Amino acid sequence: MTDTTLPIPGLRSMLRHVWQDQRVWLASAAILAGLVIFDTPQAVDSAIFAGGALLSTAPFLILSIGIAAWAGATGADNLIARAFTGAPLLMIGLGALAGGISPFCSCGVIPLIAALLAMGVPLSAVMAFWLASPIMDPSMFVLTAGVLDLEFAVAKTLAAIGLGVFGGAVVHLMMKGGAFTDPLREGIGNGGCGGARIRAPKPVVWRFWAEPERRAKFGKTALSTTLFLAKWLTLAFILESLMLAWIPAETVTATLGGEGLLPIVTATLVGVPAYLNGYAALPLVGGLIEQGMAPGAGMAFLVAGGVTSIPAAMAVWALARPPVFLLYLMLSLNGAFTSGVLFQLWQIL
């Protein structure tokens, strides 16, 4: 007897996979289609705006894609293992530095964290890496410099490293008092795509083009990174065009502009639910700053959103026990607010 229901699970899985891969493109297409129906001139303006913005950032896109592909092909990301050897305070500093410059993808960070903790690496050093990693990486630095400016990119990097060091130090002091003896949830082991890099780090092969497998990996990473950045930046630039067209500048200025702490507090809290993606957030923040958003508020939004966005927070919740999760959120929000205040003071000085 033939079972005609067998292909259905496979079909559902395929459709789910296609939806997950293409939903950002579909969202951009849906927005433009809606504009064509209800506001055709704005649809044309948004398409032209997004296309021009992509062209203007193309040099930075190409450089950031090359960096990501190079890191994967050479195995330079294996150098992260060296950050977790040594005295606790040294590991905190190196963990924060590694998190601020590491090229790990978002899917690789969480398994890597699980591997580190399961292997007995102190939570203080892991927390330093954990807090710094979502905020900055080499590709993000290049795009931040291109979309915003070099000063903002440097300040965001320092914020990432500073937040990592601060969070690691707080956890270190709490651990000395007996806290966080078992940070992982029950059943979380040391598997995952990032675990092997720590358990058995491989040497870096700088001349990757001499090996066919590494050349293939370079091409695959370059293609996947290109598609990833293109879909998110396209959506972001479309949203930015609508924001510039429909949100009065005086509204932005009144809410997130000006001096004082309130705009930075607001941006810190708004960054948690409103943050889409690190790359997509850059054009949005750039547009808001042009409309009067305080630079410190922009920094707070990017830092808070990068660490505590809903997808990232859900991943942390699934991995760590509730006390660790709550501390992660508190450190993130405090660090984001402090980063915003310091950056705003730097702008004034």
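Any read-out appearing in this document is the output of simple, stated calculations on the displayed coordinates, not a laboratory observation. Every value quoted in this text rests on a predicted model; they were computed, and no experiment measured them. All Cβ positions, even for glycine, are placed from backbone atoms using ideal geometry, and neighbour counts span all protein chains on display.
Points to keep in mind about this one:
- Extension gain (nm, one decimal) between A230 and V265, 0.36 nm per residue minus Cα-Cα: 9.5 nm
- Using the Cβ of S241 as centre and a radius below 15 Å, the other residues enclosed give a net charge of -4, where K and R count +1 and D and E count -1.
- Protection proxy ranking, peptides 148-158, 286-296, 204-214, 48-58, average beta carbon neighbours within 10 Å, highest first: 286-296, 148-158, 48-58, 204-214
- Ranking of K217, K176, K231 by neighbouring Cβ atoms within 10 Å, starting from the fewest: K176, K217, K231.
- Residue order, fewest to most surrounding Cβ atoms within 10 angstrom, among F237, F337: F337, F237
- Per-residue ³J(HN,Hα) for region 140-155, Karplus 6.51 cos²θ - 1.76 cosθ + 1.60, θ = phi - 60°, Hz, x for Gly and Pro: 5, 4, 4, 5, 4, 5, x, 7, 9, 6, 5, 4, 5, 5, 5, 5
- Across region 331-344, coupling constants 3J(HN,Hα) worked out from phi with the 6.51/-1.76/1.60 Karplus curve, θ = phi - 60°, read 5, 4, 5, 5, x, 5, 4, 4, 4, x, 5, 5, 5, 5 Hz, and Gly and Pro carry x.
- Whole-Hz Karplus values for region 33-41 come out as 5, x, 5, 4, 6, 9, 7, 4, x Hz, taken residue by residue from phi with 6.51 cos²θ - 1.76 cosθ + 1.60 and θ = phi - 60°; glycine and proline positions read x.
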